[in-house]
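Each value in this text was obtained by applying a stated rule to the coordinates, not by laboratory testing. Computed from a prediction, not measured in an experiment: that's the story for all the values here. Glycine gets a Cβ as well: all are built from the backbone with ideal geometry, and neighbour counts include every protein chain shown.
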Amino acid sequence: MKLRLDDRVLLFGKDESYLVTVSRRKFNVKSGIINLGNLIGKSYGSKIKTHIGKEFCLVKPTVIDYFSKLFTRGAQVILPKDISLILAYTGISPDSFVVDAGTGSGYLTIFLAHYLSGGKVVTYEKDKRFVRVAKENIKSSGLKNIRLKKKDISKCIDERNVDMITLDLQHPGKIIKNAYKSLAVGGWLVVYSPTVDEMFEAGKKMKKYFSDVKIVENIVREWQSERTLRPKTMGLMHTGWLMFGRKVSS
Ligand SMILES: C[S@@+](CC[C@H](N)C(=O)[O-])C[C@H]1O[C@@H](n2cnc3c(N)ncnc32)[C@H](O)[C@@H]1O
C-alpha cells in the first residue's frame, strides 16, 4: 500500500519514534527535520532520512501506538496489561455487544471497539469534561462502532442482551444489579478498581447475582537486558484489581 495524504505513520528511529500524519508540512525531530510530503507514495517498511541523514523506518501504527502517542489522557486509564486480562478471561468474541462505564479518556472503550471488529461498544460517561476528551480520542481512532452516551450509568442501563459490561468507576457496587438485568445469559460483568476496599464492597454484591466470581491482579515485571539480564529496578507497581462474574440464569 502506498502512503497518501492523511495516512498515519510511525517514524521509528534508533533512539526516537514519532506518530505523524502524512501532510505537506515539515516535522522537527531530535535529529533533524523530516519533510512529511516525502512520505507520499512510500510504503510501510521503507525508510526516510532527516535533512542531516538520520534514518527512520516507516511503520504502520497500531492502537497501542495511538495510546502512547496520539490520545489525550484525562482520568486515570486502564492499561493494556489489564485490558489483556479482560479479553483473555472472558474469551469475548469480536462480534460481541459490550457496554463500558465510565468512559473517562476512552482508552478501554477504544481498545475494546478495536478488538470488536464485527461488534460494538456503548459507553457511558456522566462528566462533560471527560465526554469532551473521550470524543476527541474516539474521533482520532477512526473507529465507527462506538456510541458515547453522556449519562449516569447508576440510574439505568438502556441496553439488553449485552455480552459484557465493564465498570471502571467509583461505587461499582451500585450498578451490579442493573448490570445483571442488562446482560445476556452467559454474559460477563467485569469490575476494575485500584482500591481493595471498593473491590471488597463490590464483591459482596457480585456474589449475590453472578456465578464464577473471581478477583485477579496482573503483576507485570519488565526486565532489562543491557549489559546484564535482570528485573528493572523501577516499574509499574500497582494498577488495580479485576473482578469477573458470569450471568448464568435469567
Ligand atoms: C477511571 S475513569 C475511567 C477510565 C477509562 N476506563 C479509560 O480507560 O480511559 C472513571 C470515569 O467514570 C466516570 N463516572 C463515574 N461514575 C459514573 C457513572 N455513575 N456513570 C457514568 N460515568 C461515571 C468518571 O467521570 C470518570 O471519567
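Using the Kyte-Doolittle scale, which helices in the chain average at least 1.6 and also have C-alpha atoms spread 30 Å or more along the helix axis, with helices defined as whole DSSP H runs? Intermediate results must be reported in sequence, preceding the final value.
On the way: long enough: none.
Counting only whole DSSP H runs, no helix qualifies.
Measuring against 20 Å, Cα to Cα, the residue pairs LYS42/LYS139; LYS144/LYS174; LYS14/LYS47; LYS81/LYS247; LYS174/LYS207 contain LYS42/LYS139; LYS144/LYS174; LYS81/LYS247 as the ones spanning a longer distance.
Quick one: in the chain, what % of C-alpha pairs are over 32 Å apart? Please list the in-between numbers first.
Details: 10263 of 31125 pairs.
So the portion of pairs separated by more than 32 Å is 33 percent.
DSSP finds beta bridges in the stretch 91-232, and of those with both partners inside it, around 10 percent are antiparallel. So the label point goes 7 Å from the Cα of ASN35 along Cα→C-beta, right? Which residues of the stretch 1-25 then have their backbone N under 14 Å from it? The answer is 23-25. Subtracting the Cα-Cα distance of ASN161 and ASP127 from their residue separation scaled by 0.36 nm leaves 9.6 nm.
For every other residue with a beta carbon closer than 14 angstrom to the beta carbon of GLY119, add +1 if it is Lys or Arg and -1 if Asp or Glu, then tell me the sum. Please list the in-between numbers first.
Numbers: positive: LYS120, LYS144, ARG147; negative: ASP95, ASP100, GLU159, ASP163.
So the surrounding residues net to -1.
Starting from a Cα-only point model with no solvent, please compute log10 I(q)/I(0) by Debye for the stretch 23-98 at q = 0.15, 0.25 1/Å. Computed log10 I(q)/I(0) values: -0.75, -1.24.
Here the mean projected area of the convex hull built on the C-alpha positions of the stretch 8-61 is 3.1 nm². When peptides 175-186, 93-104 are ranked by their average number of other Cβ atoms within 10 Å per residue, the highest-first order is 93-104, 175-186. Above 13 Å, the calculated P(r) of the stretch 98-161 contains 55 percent of its Cα-Cα pairs.
Among VAL59, VAL9, what is the fewest-to-most ranking by other Cβ atoms within 10 Å?
Details: VAL59 15, VAL9 22.
Sorted ascending by nearby Cβ count, the order is VAL59, VAL9.
Positive end of the dipole of the stretch 90-211 (Cβ unit charges, origin at the Cα centre): among SER211, GLY173, TYR107, the Cα lying farthest that way belongs to GLY173. Here the stretch 151-220 has an Rg and Dmax of 11.9, 36 Å, counting Cα atoms alone.
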